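K.L.:
I'd like to ask some things about the structure below.
The values are calculated or read from the model by the stated rules, or taken from the named source; none is laboratory data. Quick caveat: nothing in here was measured; it's all calculated off a predicted structure. Every residue, glycine as well, gets a Cβ built from its backbone with ideal geometry; the counts of neighbours run over all protein chains shown. Side chains included, ligands, DNA and RNA excluded: accessible areas come from the protein's heavy atoms. Shrake-Rupley method; radii C 1.70, N 1.55, O 1.52, S 1.80 Å.
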Amino acid sequence: FQAIEIQREQEITIDKTLYRGVWVFAEQRQGKLANVAFELLGEGRKLADQLGEPLVALLLGKEVAGIAQQLIAQGADKVLLAEAPELESFLEDPYAQVIVDLARQERPNIILMGATATGRSLAPKVAARLGTGLTADCTGLEVDVAEKNLLQTRPAFGGNLMATILCPNHRPQMATVRPKVFKPLPAASARTGEVVSVDLSHNVWDVRAKILEVVNEVGPAVNLEEANIIVSGGRGLCDPKNFALVEELAETLGAAVGASRAAVDAGWVPYSHQVGQTGKTVGPKVYFACGIHGAIQHMAGMQSSDIIIAINKNPDAPIFKIATFGIVGDVLEILPLLNKEFKKA
Ligand code: FAD
C-alpha cells in the first residue's frame, strides 16, 4: 500500500502544462506515405484544434524531404524531418531512438501511430522508454480539454464492450489507431507549415539488426484495406465452392474479396481476407456482407464503410441494423442475380 501511495504522489506531480502538441508518426515505405498517416493527421487536426496545440508530423527515413509537404497539405503545422541512411527501412531500434530523443526534448502531449505492423512494433518500444502508457488498436479518440486528457476508445473483452482508457498522470499520452477508422482531410496544397530538419549528426546509432533485402509481396489484385468496394462472404455461403459466387461478383465490380472469421476458419479463404477485430479494418465506399451474421467482432472491422449492403436469409440478423440496404433472401440465389445485373451495367 505504501508503495502504491508513493507512486500516486509522484504521478500527481506531473505538470501537464509542460507538454504541448499532438504528434503523428508519418509511416512511409520506400518514400510513399501510408494512408494511415493521412488518417491520423485528419483526426490529429481535430484534437490539436480542440486543445489549442500544434499538430506535428514525424517523418523518418532516408531522403524523404520530398514528401514532407504532403503532410502539411493534409493538416500538419510542422514536420519534424529525421533523415539518415540508418532510417532508410523501418527498424525498431533506430526509429524508437530518434522519436524518444525528440519526445524528451520537445515534450509532446500526445503521440499517435497507426496500428500497422510498423506502429504495433514501434509504439510499445517508444512508450516503454518514455515510461508512459500506450493504448493499442484504438477505434475512437476524443479530448477532455480542461484536463488535457486523451480519451482513447478501443474494443475490450473480445469486442463485447468498448472501453475508454485514460492516461491522466503520464505524458506523452500514446495510442495506436486502426487504419481506416478515421478519414483524412482533403489535401490542400495551399496550406502552409514548417519543415524542421532534425540534427542527427551526433547520433550514436542503436542498430542491432540489418535489412539485407526488401522483397515486395505479390499480393491480391486489390488490397482489402485500400479497396473502394469489398464483397465479403460468410458461413451463409454454406459450402467452400459457393465462395466462388463472392469472387465472381468481386471481379465484376473490380472489388476486393473479404470474409468473416467463420469462412476463414473453415478454410474457404485465406486469413489475409478476414475482416474484423482479429482481421483487417476496412472502410470502403461499398461493403457487401453476403451470408454474414453481423457479430460485433466482424462489425468492428467494417462498420465505418460508407454504404453497407447485407444479404441474409434471416431478417433478424444483426448485420441489418447497420446496413444501408438489406436483402432478405438466399445468398446463393441473390449473388448470381446481382452479378448478372452488374455485368449488364
Ligand atoms: P454465422 O454466425 O454462422 O452466420 C452466418 C449467417 O449467414 C447467419 O446470419 C445466417 O442467417 C446466414 N445464412 C445462412 N445461410 C444463408 C443463405 N443461404 N443465404 C443467406 N444467408 C444465410 N469474426 C469475424 O468475422 N472477424 C473477426 O475478426 C473476428 N474476430 C473475433 C475475435 C474474437 C476474440 C472472437 C471471440 C470472435 C471473433 N470473430 C470474428 C467471430 C465472430 O464472433 C463470429 O463467430 C463470426 O463473425 C461469424 O461469422 P459468420 O457471420 O460468417 O457466420
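K.L.:
Which helices pass in the chain if a helix is a full DSSP H run, must span at least 30 angstrom along its long axis by Cα, and must have mean Kyte-Doolittle hydropathy not below 0.5? Please list the in-between numbers first.
P.N.:
Values: long enough: none.
Passing helices, by number: none.
K.L.:
With the Cα gyration tensor of segment 77-161 giving a ≥ b ≥ c as the square roots of its eigenvalues, does the rule (a/c under 1.5 for rounded; else a/b larger than b/c for prolate; else oblate) give rounded, prolate or oblate? Write down the numbers at each step before the final one.
P.N.:
Numbers: a/c = 2.22, a/b = 1.44, b/c = 1.55.
Note, shape of segment 77-161 comes out oblate.
K.L.:
Considering only protein heavy atoms and a probe of 1.4 Å, how much of the accessible area of segment 146-195 is carbon and sulfur, as a whole percent? Provide the component values of the computation, followed by the final result.
P.N.:
Details: 1580 of 2610 Å².
Roughly 61 percent, rounded to a whole number.
K.L.:
With the cut-off at 19 Å, tell me which of the pairs LYS241/LYS343; LYS285/LYS340; LYS32/LYS210; LYS46/LYS148; LYS183/LYS285 have Cα atoms farther apart than that.
P.N.:
LYS241/LYS343; LYS285/LYS340; LYS32/LYS210
K.L.:
Pulled fully out, how much extra length does the chain show between ILE14 and SER197, if you take 0.36 nm times their separation in residues and subtract their Cα-Cα distance? Please report the intermediate quantities before stating the final value.
P.N.:
Values: separation 183, 0.36 × 183 = 65.88 nm, distance 2.95 nm.
Value of the extension gain: 62.9 nm.
K.L.:
Now for a separate question. Using alpha-carbon pairs under 8 Å, 6+ residues apart, how would you state the relative contact order of the chain in percent?
P.N.:
Values: 721 pairs, mean separation 48.5, N = 345.
Relative contact order comes out at 14 percent.
K.L.:
Among 164-177, 125-138, how do they line up from the highest to the lowest mean number of other beta-carbon atoms within 10 Å? Let's see the in-between values first.
P.N.:
Working: 164-177: 21.1, 125-138: 18.6.
Packing order, densest peptide first, comes out as 164-177, 125-138.
K.L.:
How large is the dipole of the chain about the Cα centre if only Lys and Arg carry +1 and Asp and Glu carry -1, each at its Cβ, rounded to the nearest 20 debye? Walk me through the intermediate numbers first.
P.N.:
On the way: 33 positive and 39 negative charges, 96 e Å.
Dipole about the Cα centre, nearest 20: 460 debye.
K.L.:
Here is a follow-up. Where the centre of each part is set by its Cα atoms, how far does segment 71-112 sit from segment 21-69, in angstrom?
P.N.:
Each part reduced to its Cα centre gives a spacing of 9 Å.
K.L.:
Run the simple label-point estimate for VAL214 and ASP306 please: 7 Å along Cα→C-beta, distance reported in nm.
P.N.:
Between VAL214 and ASP306, the label points sit 3.1 nm apart.
K.L.:
To continue, here is another question. Show LYS344, LYS16 ordered by accessible area, largest first, where the area counts protein heavy atoms only and the probe is 1.4 Å.
P.N.:
Numbers: LYS344 140, LYS16 40 Å².
Largest accessible area first, the list is LYS344, LYS16.
K.L.:
Something else now. Along the three principal axes, how long is the chain when you take its alpha carbons, biggest first, rounded to the nearest angstrom?
P.N.:
Answer, in whole Å and largest first: 65, 50, 41 Å.
K.L.:
Full-extension gain between VAL145 and VAL100, please, as 0.36 nm times their residue separation minus the C-alpha to C-alpha distance.
P.N.:
Working: separation 45, 0.36 × 45 = 16.20 nm, distance 2.51 nm.
Length gained between VAL145 and VAL100: 13.7 nm.
K.L.:
Take HIS298, HIS293, HIS202 and sort them by solvent-accessible surface of the protein heavy atoms, 1.4 Å probe, largest at the top. Show your work: numbers first, answer last.
P.N.:
Numbers: HIS298 15, HIS293 105, HIS202 160 Å².
The most accessible residue leads, giving HIS202, HIS293, HIS298.
K.L.:
So with the 1.4 Å probe, I'd like the accessible area per residue for segment 78-160, rounded to whole Å². List each step's numbers first, then the result.
P.N.:
Working: 3100 Å² over 83 residues.
Per-residue accessible area for segment 78-160 comes out at 37 Å².
K.L.:
Within a Cβ distance under 9 Å of GLY301, other residues only, what is the Lys/Arg minus Asp/Glu net charge? Mind showing how you got there, number by number?
P.N.:
Working: positive: ARG178, LYS180, LYS280; negative: none.
It works out to a net charge of +3.
K.L.:
Could you please report the charge total around LEU102, scoring K, R as +1 and D, E as -1 over all other residues with beta-carbon less than 13 angstrom from its beta-carbon? Please list the in-between numbers first.
P.N.:
Details: positive: LYS78, ARG104, ARG107, ARG129; negative: ASP101, GLU106, ASP199.
Around LEU102, the charge tally is +1.
K.L.:
In the neighborhood of THR164, defined by Cβ-to-Cβ distances under 15 Å, what is the net charge if each Lys or Arg adds +1 and each Asp or Glu adds -1? Each step should come with its number before you reach the end.
P.N.:
Working: positive: ARG154; negative: ASP137, GLU142, ASP144, GLU147.
Residues close to THR164 contribute a combined charge of -3.
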